[in-house]
């Protein structure tokens, strides 16, 4: 069974000198999984403080983010085994559709 792993983070991280660096600030806020299909499956809405999501999948998928994304909108390709980070707005969802 294919799985997409979605981890929500509130903010980007910084170093000891308070310089912003390209990492997500831990601990993660929420972690969820989605079992994608050929038409698209929605995640749960992102939390009220979520600003970044980390997405990984064990199968190639197409993604779309929004308040009510639909499968036809899913055009962002995520290859199997690759991890990507996306800036998001609280309350948005991601739809995951197998290729």
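The values are calculated or read from the model by the stated rules, or taken from the named source; none is laboratory data. These figures come from a predicted structure and were not determined experimentally. In this analysis, Cβ positions are derived from the backbone assuming ideal geometry, glycine residues included, and neighbour counts consider all displayed protein chains.
When the strands (runs of 3 or more DSSP E) confined to segment 1-79 are screened for residues that are without any contact (Cβ under 8 Å) to a residue 24 or more places away in the chain, those reaching at least 1 such residues are found at 12-14, 20-24, 30-34, 76-78.
State yes or no: is residue 57 surrounded by 15 or more Cβ atoms within 10 Å (Cβ to Cβ) and in contact with a helix residue (DSSP H, G or I) (Cβ under 9 Å, 6 or more places away or on another chain)? No; evaluated as a whole, the condition is false for this residue.
Looking at residue 64, is it under 14 Å from residue 99 (Cβ atoms) and modelled with pLDDT of 95 or more? Walk me through it before giving the result.
Values: under 14 Å from residue 99 (Cβ atoms): yes; modelled with pLDDT of 95 or more: yes.
When the stated conditions are applied, residue 64 passes them.
Residues of segment 80-99 that are part of a loop (DSSP other than H, G, I, E, B) and either modelled with pLDDT of 95 or more or within 12 Å of the chain's Cα centre (by Cα) (or both): 80, 81, 82, 88, 89, 90, 91, 92. Looking only at residues of segment 19-40 that are surrounded by fewer than 18 Cβ atoms within 10 Å (Cβ to Cβ) and modelled with pLDDT of 95 or more, we find that the one that is farthest from residue 2 (Cα to Cα) is 31.
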